[in-house]
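Novice: Take this structure first; my questions come after.
The values are calculated or read from the model by the stated rules, or taken from the named source; none is laboratory data. A quick note: this is a predicted structure, and the numbers were derived from the prediction, not measured. Cβ placement follows ideal geometry from the backbone for every residue including glycine, while neighbour counts extend to all protein chains displayed. When the accessible area is computed, the model is the full protein with side chains, heavy atoms only, and any ligands, DNA or RNA have been set aside. Shrake-Rupley method; radii C 1.70, N 1.55, O 1.52, S 1.80 Å.
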Amino acid sequence: MSRVYNFSAGPAVLPEEVLKEAAAEMLDYKGTGMSVMEMSHRSKAFEEIITTAEQDLRDLMGIPDNYKVLFLQGGASQQFAMIPMNLMKNRVADYIITGQWAKKAAKEAEKYGKVNRIASSEDKTFSYIPDCSDLPVSGDADYVYICENNTIYGTKFKELPNTKGKTLVADVSSCFLSEPVDVTKYGVIYGGVQKNIGPAGVVIVIIREDLITEDVLPGTPTMLTYKTHADAKSLYNTPPAYGIYICGKVFKWIKAQGGLAAMKERNEKKAKVLYDFLDQSRLFKGTVVPKDRSLMNVPFVTGNADLDAKFVKEAKEAGLENLKGHRTVGGMRASIYNAMPYEGVVALVDFMKKFEEENL
Ligand SMILES: *Cc1c(COP(=O)(O)O)cnc(C)c1O
């Protein structure tokens, strides 16, 4: 068996310890004589899995008691609709457009109400985060929406926008649990777990209780109403049980690493190796304004599409996989999530140095 360094943006690398544990428990989970994917979601064993997972997430993020944690399905993309359906009481919302995911979310919200795009960085191919200290937030906006880490473009909000008292809703799919977070600054934090936490198929929604109401838009399906899942503790219907189990293991793994402060330190150390190299390279160049750089997704280019393709191909042969940039951007992108070891980033930079010498 040999594992590669997997720089995929998602689904992405998971901690090896977690995969080994899951493998060991595959045929007989803790004496139940069955695997977690074969057991009833109403069983005692699964109840313990989901309650422990929620508690560990609460501990990691310091989630206050007046927030619910929901384990849902439908991916981050389903939240693009669920958020307006549940939150758009006035049928108005403000969106900050920092990439494709925010753009898609805004477009979906438009089906339900008026969407004001109060800031955008599209003028420079989303290579920066706009100044959000004094935006024209709409007086009647139900919420202000951001995509906190832009997976495709490699930018991250280092400071949250000034929402002028409005509820902040954030898609954190690609920066979930990568650093400490002050949950009280948000009304809703959500993310698909397949970037930084677990297997595709689970989306976690952390939502302040006062935003969970029966007063949703007419026609909102039961399954797309937050209250349904909050009241049923994420067990209204069969949840993505195996995925939740793996997420729970990743939460334990992060705790064992020292929690979110330790994750941040590790992530900064890893990202620095790559950014420092990019800043002095004569062949490769980062595409993002330095102050807005993501710790998780690092896009870079040579400026020559043929050379980029050659790089991706040769890197794969050297055991460095999934470095091709997003199809809408081109070039390369290294996603260096929590589970990417420091050694993986060093191996990438060593390979880039060698490639630079050979191709300059
Ligand atoms: C991947 C991603 C999405 C889409 O996630 P799905 O689970 O595939 O719907 C949305 N937002 C961000 C920031 C992402 O990285």
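Yes/no matrix, rows are residues, columns are (1) on the phi < 0 side of the Ramachandran plot; (2) open to solvent by 70 Å² or more (accessible area, probe 1.4 Å); (3) more than 22 Å from the chain's Cα centre (by Cα):
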site	(1), (2), (3)
Gly243	yes, no, no
Ile246	yes, no, no
Ala256	yes, yes, no
Ala262	yes, no, no
Leu274	yes, no, no
Phe284	yes, no, yes
Pro290	yes, yes, no
Asn297	yes, no, no
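Novice: Do we find a residue being within 12 Å of the ligand (Cβ to nearest atom), under 30 Å from Asn6 (Cβ atoms), open to solvent by 30 Å² or more (accessible area, probe 1.4 Å) and aliphatic (A, V, I, L, M) anywhere in segment 199-207? So that I can check it myself, show each step before the final result.
Specialist: Narrowing segment 199-207 to residues within 12 Å of the ligand (Cβ to nearest atom): 199-204.
The next check asks that each one be under 30 Å from Asn6 (Cβ atoms); those that pass are 199-204.
If we keep only those that are open to solvent by 30 Å² or more (accessible area, probe 1.4 Å) as well, we get 199-201.
Right, trim to aliphatic (A, V, I, L, M) and you get 200.
Taking every residue of segment 199-207 in turn, at least one turns out to be within 12 Å of the ligand (Cβ to nearest atom), under 30 Å from Asn6 (Cβ atoms), open to solvent by 30 Å² or more (accessible area, probe 1.4 Å) and aliphatic (A, V, I, L, M).
Novice: Checking Gln194 against (1) open to solvent by 10 Å² or more (accessible area, probe 1.4 Å); (2) touching a Pro at 6+ places or on another chain (Cβ under 8 Å); (3) over 21 Å from Thr328 (Cα atoms): exactly one of these is not met. Which one?
Specialist: (3)
Novice: While we're on this one: What number goes with the only condition from (1) under 19 Å from the mean Cα position of the chain (by Cα); (2) not in a helix (DSSP H, G or I) that Arg266 does not pass?
Specialist: (2)
Novice: Ok, one more. Within the group Ala347, Ala309, which residue is outside any loop (DSSP other than H, G, I, E, B) and in contact (Cβ under 8 Å) with a residue 24 or more places away in the chain?
Specialist: Working: Ala309 fails: in contact (Cβ under 8 Å) with a residue 24 or more places away in the chain.
The conditions single out Ala347.
Novice: Still on this structure, I have one more. Considering segment 211-225 alone, what residues qualify as being without any contact (Cβ under 8 Å) to a residue 60 or more places away in the chain and of a type in the set (D, E, K, R)?
Specialist: Scanning segment 211-225 gives a single hit, Glu214.
Novice: Okay, moving on. Are there any pairs, at least 6 apart or on different chains, whose C-beta atoms fall under 9 Å, with the first in segment 148-163 and closer than 10 Å to Ile96 by Cβ and the second in a strand (DSSP E or B) and open to solvent by 20 Å² or more (accessible area, probe 1.4 Å), and if so, which?
Specialist: Going by the 9 Å Cβ cut-off, the qualifying pairs are Pro161/Ile118.
Novice: Which of the residues spanning segment 322-340 are farther than 16 Å from Thr302 by Cβ and either surrounded by fewer than 16 Cβ atoms within 10 Å (Cβ to Cβ) or free of Cβ contacts under 8 Å to residues at least 40 places away in the same chain (or both)? Walk me through it before giving the result.
Specialist: Here is the first cut: in segment 322-340, the ones farther than 16 Å from Thr302 by Cβ are 322, 326-328, 335-340.
Within segment 322-340, Arg327, Thr328 qualify.
Novice: Then there is this: Which one of these is within 16 Å of the ligand (Cβ to nearest atom) and assigned to a loop (DSSP other than H, G, I, E, B): Phe71, Phe126? So that I can check it myself, show each step before the final result.
Specialist: On the way: Phe71 fails: assigned to a loop (DSSP other than H, G, I, E, B).
Being within 16 Å of the ligand (Cβ to nearest atom) and assigned to a loop (DSSP other than H, G, I, E, B) holds for just one of Phe71, Phe126, which is Phe126.
Novice: All but one of (1) touching a residue at least 60 places away in the same chain (Cβ under 8 Å); (2) open to solvent by 10 Å² or more (accessible area, probe 1.4 Å); (3) closer than 19 Å to Ala53 by Cβ hold for Tyr236, so report the exception by its number.
Specialist: (1)
Novice: Can you work out which of the residues in segment 144-185 that are of a type in the set (Phe, Trp, Tyr) and open to solvent by less than 10 Å² (accessible area, probe 1.4 Å) is nearest to the ligand (Cβ to nearest atom)? It would help to see each step written out before you state the result.
Specialist: First, pick out the residues of segment 144-185 that are of a type in the set (Phe, Trp, Tyr): 145, 153, 157, 176.
Now narrow it down to the ones that are open to solvent by less than 10 Å² (accessible area, probe 1.4 Å): 145, 157, 176.
Values: Tyr145: 12, Phe157: 12, Phe176: 10 Å.
Restricting to residues being of a type in the set (Phe, Trp, Tyr) and open to solvent by less than 10 Å² (accessible area, probe 1.4 Å), the top hit is Phe176.
Novice: Also, quick follow-up: I'm trying to understand the selection: among the residues of segment 1-58, which are open to solvent by 60 Å² or more (accessible area, probe 1.4 Å), of a type in the set (A, V, I, L, M) and either within 16 Å of the ligand (Cβ to nearest atom) or part of a loop (DSSP other than H, G, I, E, B) (or both)?
Specialist: Met1, Val4, Met26, Leu27, Met34, listed by residue number.
Novice: Can you pull out the residues in segment 74-114 that are on the phi > 0 side of the Ramachandran plot and either polar (S, T, N, Q) or within 16 Å of the ligand (Cβ to nearest atom) (or both)?
Specialist: Hits for segment 74-114 are Gly74, Gly75, Gly99.
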